[in-house]
Amino acid sequence: MSDYLIPAGCGEIEYVEKRSRFIGRVWPVGSEAEALERLRAMREQHWDASHNVYAYSLRSAGVTRYSDDGEPSGTSGMPVLDVFRRAGIQDFCCVVTRYFGGILLGAGGLVRAYSKAASLALEAAGRARMTPLYTVSLVCSYPQYDRIRAELARFGGQIERSDFGADVELTLSMTPESYKGFLPRVTELTAATALCEVTGESLRPVRLEDAPEEKP
C-alpha cells in the first residue's frame, strides 16, 4: 500500500477582496457521490451567490472534475484544483462561493482570489497522510502488560481493543516501520513468551502533526 495526502477534516474560511465576498470550503471525500452531495449542499445553501466554483478529485476512481461556474474560463475552477495538485492532496472536494461586490477583479485577480480561498480552506482543514497501518494481535501476561504498554507508546502504537481474561489480549495499530522495532522489544521484554503477530493491514488517515516519530 502506498501512502498519500488528504484533507485532515473540513475547513472553512471567508475573506473579502475588493468588496467581493469569498467563502472557501474543503472536505475529504471517499466517492464522487459524496463530492457531488457536498456541491449540491453548497449550491442550495448559497443559491443567491454569484458563483459556486468547485474542484474535486478521487484517487481510487481516477476522477477529477472542476468548474468555473460562470466565471471567465480558466480563472477559478482550474486555479482551485491547482492548489491541491501542488500540495499533493487527493480525495478532496473544494467549493469556493463568491458574492460579487460590484468591482471587477480581472482575470489575474480572479485567479489569485480563488487560489487564495482554496489555499486558506486547505490550511484550515489541515493535512493527513493516508498511512499503511498494521493491525497487530498481542497476548501477554498481566505482569508483562505495563512494560509492553510503555514500549508501545515509545513506538507510537495505539491500543484499539483490550480484553482482560486469563491473559491480556490486545489489538494494536501501528505503522509497519514501528512494528519492525516493536516486535524485537516485545520478544526481549517477555523472553519470547508473549504472542505478537500482524493480522491485517489498512490505510488510515494520520494528521501530519500527529504522526509519531520512529524510534531507533
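Below is a table of values for the structure above.
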| item | result |
| --- | --- |
| Residue satisfying condition, being aliphatic (A, V, I, L, M), at pLDDT 95 or above, more than 26 Å from VAL206 (Cβ to Cβ) and crowded, with 21+ Cβ neighbours inside 10 Å, within set VAL80, VAL26, VAL111, VAL96 | VAL96 |
| Selection count where residues are assigned to a loop (DSSP other than H, G, I, E, B), under 25 Å from the mean Cα position of the chain (by Cα) and of a type in the set (A, V, I, L, M), scope the range 46-82 | 1 |
| Top-ranked residue in the range 23-40 [being assigned to a strand (DSSP E or B) and among the β-branched types (Val, Ile, Thr); ranked as nearest to THR64 (Cα to Cα)] | VAL26 |
| The range 162-207: number of residues that are among the β-branched types (Val, Ile, Thr) and out of contact with any strand residue (DSSP E or B) (no Cβ under 7 Å at 6 or more places or on another chain) | 2 |
| Of all residues making up the range 143-167, the number that are under 14 Å from PRO184 (Cα atoms) and basic (Lys, Arg) | 2 |
| Scope the range 86-105; condition part of a helix (DSSP H, G or I) and either touching a residue at least 24 places away in the same chain (Cβ under 8 Å) or over 18 Å from the mean Cα position of the chain (by Cα) (or both); matching residues | ALA87 |
| Restricting the range 154-183 to residues that are closer than 30 Å to GLN90 by Cα and of a type in the set (A, V, I, L, M, F, W, C), the residue that is surrounded by the fewest Cβ atoms within 10 Å (Cβ to Cβ) | ILE159 |
| Flag for LEU208 being touching an Asp or Glu at 6+ places or on another chain (Cβ under 8 Å), in contact (Cβ under 8 Å) with a residue 12 or more places away in the chain and within 29 Å of SER60 (Cα to Cα) | no |
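For every residue, the table says whether it meets (1) in contact with a strand residue (DSSP E or B) (Cβ under 8 Å, 6 or more places away or on another chain); (2) without any contact (Cβ under 8 Å) to a residue 12 or more places away in the chain.
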| site | (1), (2) |
| --- | --- |
| ASP3 | yes, no |
| PRO7 | yes, no |
| ARG19 | no, no |
| ARG25 | yes, no |
| ALA35 | yes, no |
| GLU44 | no, yes |
| TRP47 | no, yes |
| VAL53 | yes, no |
| LEU58 | yes, no |
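The values are calculated or read from the model by the stated rules, or taken from the named source; none is laboratory data. Bear in mind the structure is a predicted one, so any value in this text is a computation, not a measurement. Reconstructed Cβ throughout: ideal geometry from the backbone, glycine too, with neighbour counts over all protein chains shown.
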